[in-house]
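Trainee: Take this structure first; my questions come after.
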Amino acid sequence: MRLPELEALLDHAYLRVLGGFHPGPDDGTPEGCKTLLLLGPDEPRFWPHFIQTPEYRDDAPNAMDRWSLRVVEECAKRIGAQALFPFGGPPYLPFYSWALKTGRAHVSPIRFLVHDRAGLFLSFRGDLALSERIPLPSPESTPCATCAGQPCATACPVRALTPQGYDVAACKAYIRSDAGRDCRENGCLARRACPVSKTAGRLSAQSAYHMQYFIKGSP
């Protein structure tokens, strides 16, 4: 199987390949894995589809994770691959390092991953571990290298996201406040300041959904 065939399968599942690599013995992938593909939502068409799914409409917790389990497992079975997920731990699988191995995700000025097409704040819904080594496109350079001013580093009103690190408590406190309504309803200002994110197509409703889950957690 070649990558275009896999992409056609994923297209029907409202997913896309965000990158892939050929693992070595120290990459922590399953035994026999010769190609690992990282999957994310095919934005913007993903969100209108997702809100019509049984997982979203049943009002039970963790709708997107449950949808991911069902859909990525179905895709894996169709091609004889193994499905892997970034949730369900501890222990958690090393999705961050796997993303960097693809050469399509890079460390941004605010230390979060930035993708060459999806921008900041990647949403990985799962991986496909293939027993076959398939050709992969050459990775692209980090978009941050040519980003004038790197606005993500100064966009946060409370300086919760900076090159020095991430102040989670300050971030959540601001988002929960009246002043943080824009972030709460439309997504993180730092993400939206990223030029790549602006063209990625993520809808405000999808960002708001993730924000609600984020602020429900402990301070």
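The values are calculated or read from the model by the stated rules, or taken from the named source; none is laboratory data. Treat the numbers as computed from the prediction; the structure is a model and nothing was measured. Please note: Cβ atoms are built from the backbone with ideal geometry, for glycine as well, and neighbour counts cover all protein chains shown.
Trainee: Looking for something touching a residue at least 60 places away in the same chain (Cβ under 8 Å), closer than 29 Å to LYS198 by Cα and touching a helix residue (DSSP H, G or I) at 6+ places or on another chain (Cβ under 9 Å) - is there at least one such residue anywhere in the stretch 64-74?
Mentor: yes
Trainee: Step by step: first the residues of the stretch 162-184, then only those that are under 19 Å from the mean Cα position of the chain (by Cα) and over 25 Å from ALA148 (Cα atoms), then the one that is surrounded by the most Cβ atoms within 10 Å (Cβ to Cβ). Which residue is that?
Mentor: At the first step, the residues of the stretch 162-184 found to be under 19 Å from the mean Cα position of the chain (by Cα) are 166, 168, 183-184.
In the following step, the residues that additionally are over 25 Å from ALA148 (Cα atoms) were identified as 168, 184.
Values: VAL168: 14, ARG184: 20.
Only one residue tops the list, namely ARG184.
Trainee: Scan the stretch 147-175 for residues that are in contact with a Pro (Cβ under 9 Å, 6 or more places away or on another chain) and assigned to a helix (DSSP H, G or I) and report the count.
Mentor: Residues that pass the stated criteria total 8.
Trainee: Here's something else I'd like to know. Could you count how many residues in the stretch 205-214 are within 19 Å of ARG159 (Cα to Cα) and either crowded, with 17+ Cβ neighbours inside 10 Å or not hydrophobic (A, V, I, L, M, F, W, C) (or both)?
Mentor: Number satisfying all stated conditions: 1.
Trainee: Further question on the same structure: Could you grab the pairs with beta carbons closer than 7 Å, sequence gap of 6+ or different chains, first residue in the stretch 126-146 and under 26 Å from GLU31 (Cβ atoms) and of a type in the set (Val, Ile, Thr), second one at pLDDT below 95 and surrounded by 11 or more Cβ atoms within 10 Å (Cβ to Cβ)?
Mentor: That search, which allows pairs on different chains as well, returns ILE134/MET1; ILE134/LEU3.
Trainee: Let me ask something additional. Counting only residues that are buried (at least 16 other Cβ atoms within 10 Å of the Cβ) and either hydroxyl-bearing (Ser, Thr, Tyr) or over 17 Å from VAL114 (Cα atoms) (or both), how many does the stretch 187-204 have?
Mentor: Total meeting the criteria: 2.
Trainee: Now, a different point. Select from the stretch 188-219 the residues that are free of Cβ contacts under 8 Å to residues at least 60 places away in the same chain and outside any helix (DSSP H, G or I) and write down the one among them that is nearest to MET64 (Cα to Cα).
Mentor: The extreme case among them is GLY217.
Trainee: Here's a follow-up. Which condition number does PHE121 fail, the rest of (1) modelled with pLDDT under 95; (2) surrounded by fewer than 19 Cβ atoms within 10 Å (Cβ to Cβ); (3) over 17 Å from PRO30 (Cα atoms) being met?
Mentor: Exception for PHE121: condition (2).
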